[in-house]
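Reviewing the structure listed below.
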Amino acid sequence: MAYNKFTTITSSAVPLSIENVDTDQIIPARFLKAVERKGFGDNLFRDWRYSNEGTIKADFPLNNSKYSGKILVAGKNFGSGSSREHAAWAIYDYGFSQVVSSFFADIFKGNALNNGLLPVVVHANFLQKIFNAIENDPKAKFKVDLAKQLFTISSTGESAEFEINQYKKHCLQNGLDDIDYLVEIKDEIVEFEKTTMINC
Amino acid sequence: MEAKTLFDKIWDAHIVKQVEDGPNVLYIDRHFIHEVTSPVAFLGLKNRRLKVFRPEKTTGTPDHNVPTINQHLPIVDELSHNQVETLKKNCAEQGITHHDLGTESYGVVHIIGPELGLTQPGMTIVCGDSHTSTHGAFGTIAFGIGTSEVEMVLASQCIMQSKPKKMRITVNGILNKGVTAKDVALYIISKISTSGGTGHFIEYTGTVISNLSMEGRMTLCNLSIESGARGGMIAPDDITFNYLKNREFAPKGKDWDNALKAWKELKSDACAVFDTEYVFDAADIEPMISYGTNPGMCIGINKKIPDSKGLEGNDKATYIKALKYMGYNENEPMIGKIVDYVFVGSCTNGRIEDFRAFAEYVKGKKKAPNVIAWLVPGSQKVENQIREEGLVQILEAAGFELRQPGCSACLAMNDDKIPEGKYCVSTSNRNFEGRQGPGARTLLASPLTAAAAAITGHITDPREIFI
């Protein structure tokens, strides 16, 4: 099993109101040199969290002690750029289990889903309500119910439904991954190779 | 029969199975791997006690981490060295062909695939690298994947993907002098934004596209991902077939004839419907340059940096943050801005045509003393060709030196880092904060615009020499 089974979560959230957050910001290339999947959370948003000299940038939300929780809330087009799965690993390893935005880049979204990190897409107006709720109370709680596909702002009771592919939902709820599935259907893949004109 | 796009035809022919309420199981014809995104996939395979299912369909090369000088010496950076060696070891253990540093076939993965003829029309191609979209220039479905998916391909030669929407981008007319494929790509991204292509796969058509060389088409398709699209493709034609003929891994003899017959069928049906369409006119496209921190923040080189009027909330804050990072102000012209570094290379613009354009521009001129220039060929073959064509003498006479192939300053995983606060005109693909080194400021442009900046030491319209 590749990751923990996803259950209903109620948590406070960390706001990152920047748009077009690219994977080079999530984890800069110079921290991609490991050959194992370990410790990427330490370098999550490295250049926004720390100066070149290694001092902490106090104004960055992850460094602000008033914010905490398992939910990262970010501006639109989150995860654009490189296909590095290290971005999803870093966010998950840091302690987030879901990222909420009004829009995700394709590859990042796929990578997140393959690693037990739930990308929750909400309407831009609702995203703003989430940012507002955190601004009013940094400890504001939010509930993510994967089974019902519902994201709720606990203080106001307002909620938004979110979309997820039913196959991926099943995988997340059961901690399954695609490789288990693909290995199981190997006979069908071999059959496909025989019956199809495949190059090379 | 229902009219189909080129994308539909190739995709549908590769569906092994449709998962109920889920993605397609998609068969992959060609898989490229490099040292950064593959080690954890091999480790995963080992933990599951699996072997690589079809090792002959995977090709490896180390490119992201390698130094671009003294490649005959061991890599000094211990972590880089370990990653490069791990790829070599994994390939050897699993029977995967590995194009090692220092060999004739070595180079950046998206440069050598086409060079070796491994990239062929009609294929599905993936790699743990978003610029895999490059290979779409040959009429392939090619896109970047994450490491979990690299492991899937190694384990089963398949990945699980939902079919994206289809977009057609048509560029008609004749390009103005001094305007290259890079400018076309940056122009498109500046118009549709870095998220305009999200959820889509692009097909590029129109007279501008059919007049592009394969090198130009690769540059254009390479940058598809910067609009958020999974990939971009161009229907193959005689330019494609002439490029491929006699390449090492291209079909030969009767196989070639058969392949050619099939490849000529690879085009969208006349009535095929696309989910999204854009049409652009070549006459509107100038040499482009970026001024901000994503590839959508580009303008014609003679234009002024846009102001933030009309932007609100997070949009405005994000825009102001970008300009602050760049050290620029709204309404300033880009022409004349100081340049500290010039980088020519990467999977976007590291091909022979790019170095020819650069050399032609700098011929008989002198590099500005304030500029440090890194010219990095995309592959050993490109480097050899630069030498064989006598370009290296032209470059050296103008005060430039050629480095050795690799990804280099495109993402600064090796020592080729732009220092904090410095400005680099770069032919690469991303101007994100810190992309070329912590605090580095990247100005994306074509090799021609890079040449003009290298000579004058500031942002210069490369068309000035044509006047």
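What follows is calculated from the coordinates using simple rules that are stated; it is not laboratory data. None of the values given here were measured: they were computed from a predicted structure. For neighbour counting, all protein chains shown are included, and Cβ atoms are generated from backbone atoms with ideal geometry for every residue, glycine included.
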> Considering amide H positions built from the backbone, and no H for Pro or chain starts, which residues 5 or more places from B:Gly144, or on another chain, come under 5 Å of its amide H?
Replying inline: B:Thr132, B:Ser133
>> For segment B:388-467, which GluC sites (Glu not before Pro) pass both filters: DSSP loop (anything but H, G, I, E, B) and at most 15 other C-beta atoms within 10 Å?
In response: B:Glu389, B:Glu401, B:Glu420
> Can you list the HN-Hα couplings for segment B:306-323, worked out from phi with the Karplus curve (6.51, -1.76, 1.60; θ = phi - 60°), rounded to whole Hz and with x for Gly and Pro?
Replying inline: x, 8, 9, 4, x, 8, 9, x, 4, 4, 5, 4, 5, 5, 5, 4, 5, 5
> Taking A:Lys66 as the anchor, which lysines have their alpha carbon closer than 21 Å to its alpha carbon, excluding any fewer than eight residues away along the same chain?
Replying inline: A:Lys57, A:Lys129, A:Lys139, A:Lys141, A:Lys143
> Along the charge dipole of the protein assembly as shown, Cβ charges K/R +1 and D/E -1, which of A:Thr196, B:Leu175, A:Gly69 sits furthest on the positive end?
Replying inline: A:Gly69
>> Need one number: nm distance between label points at A:Glu191 and A:Asn4, each 7 Å from Cα along Cα→Cβ, rounded to one decimal.
In response: 4.0
>> I'd like the Karplus ³J(HN,Hα) series for segment B:437-451: coefficients 6.51, -1.76, 1.60, θ = phi - 60°, whole numbers in Hz, and an x wherever there's a Gly or Pro.
In response: x, x, x, 5, 10, 9, 10, 6, 6, 7, x, 5, 5, 5, 5
> Between A:His123 and B:Ile465, what FRET efficiency comes out of the Förster formula 1/(1 + (r/R0)^6) with R0 = 41 Å and r the beta carbon distance, rounded to 0.05?
Replying inline: 0.20
>> Tell me which trypsin sites (Lys or Arg not before Pro) from segment B:33-125 have a DSSP coil assignment and no more than 16 other beta carbons within 10 Å of their own.
In response: B:Arg48, B:Arg49, B:Lys51
> What's the center-to-center distance, using Cα atoms, between segment B:235-256 and segment B:336-401 in Å?
Replying inline: 29
>> Test of understanding: express the Cα radius of gyration of chain A as a ratio to 2.2 N^0.38 Å, with N the residue count.
In response: 1.12
> If you build the Cα gyration tensor of segment B:6-263 and take the root of 5 times each eigenvalue, what three semi-axes come out, in whole angstrom, biggest first?
Replying inline: 29, 22, 19
>> Within segment A:83-102, name every residue whose backbone N is under 19 Å away from a label modeled 7 Å from Cα of A:Gln173 along the Cβ vector.
In response: A:98
> Got a sec to turn the phi values of segment B:371-386 into Karplus ³J(HN,Hα) couplings, 6.51 cos²θ - 1.76 cosθ + 1.60 with θ = phi - 60°, whole Hz, x for Gly and Pro?
Replying inline: 9, 9, 10, 10, 9, 10, x, x, 7, 4, 4, 5, 4, 4, 5, 4
> Tell me, what is the percent relative contact order of chain B, built from C-alpha pairs under 8 Å that lie six or more residues apart?
Replying inline: 17
> Is there a pair in A:Lys5/B:Lys57; A:Lys109/B:Lys316; A:Lys169/B:Lys17; A:Lys169/B:Lys191; B:Lys177/B:Lys366; A:Lys5/B:Lys321 whose C-alpha atoms are over 30 Å apart, and which pairs would that be?
Replying inline: A:Lys5/B:Lys57; A:Lys169/B:Lys191; A:Lys5/B:Lys321
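Under a point-charge model restricted to the Cβ atoms of Lys and Arg (+1) and Asp and Glu (-1), what is the dipole moment magnitude of the protein assembly as shown relative to its Cα centre, in debye to the nearest 20?
In total the dipole reaches around 600 debye.
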>> Could you work out how much longer the chain between B:Lys88 and B:Lys303 gets when fully extended? Use 0.36 nm per residue separation minus the Cα distance between them, nm to one decimal.
In response: 72.6 nm
>> Taking amide H atoms as placed 1.01 Å from N in the peptide plane, list the residues 5 or more away in sequence, or in a different chain, whose amide H sits under 5 Å from that of A:Phe142.
In response: A:Ser11, A:Ser12, A:Ser154
> Could you give the dipole magnitude of segment B:6-263 about its Cα centre, charging the beta-carbon of Lys and Arg +1 and that of Asp and Glu -1, in debye to the nearest 20?
Replying inline: 600
> So what is the orientation-averaged projected area of segment B:288-466, using the convex hull of its C-alpha atoms, in nm²?
Replying inline: 9.6
> Separation of segment B:100-127 and segment A:43-71 by C-alpha centroid, Å?
Replying inline: 40
> Taking amide H positions as placed 1.01 Å from N in the peptide plane, with prolines and chain starts having none, which residues 5 or more places from B:Lys17, or on another chain, fall under 5 Å of its amide H?
Replying inline: B:Val25
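Taking the Cα centre of segment B:224-380 as the origin, how large is its charge dipole in debye, to the nearest 20, when only Lys and Arg (+1) and Asp and Glu (-1) carry charge on their Cβ atoms?
Computed about the Cα centre, the dipole is about 760 debye.
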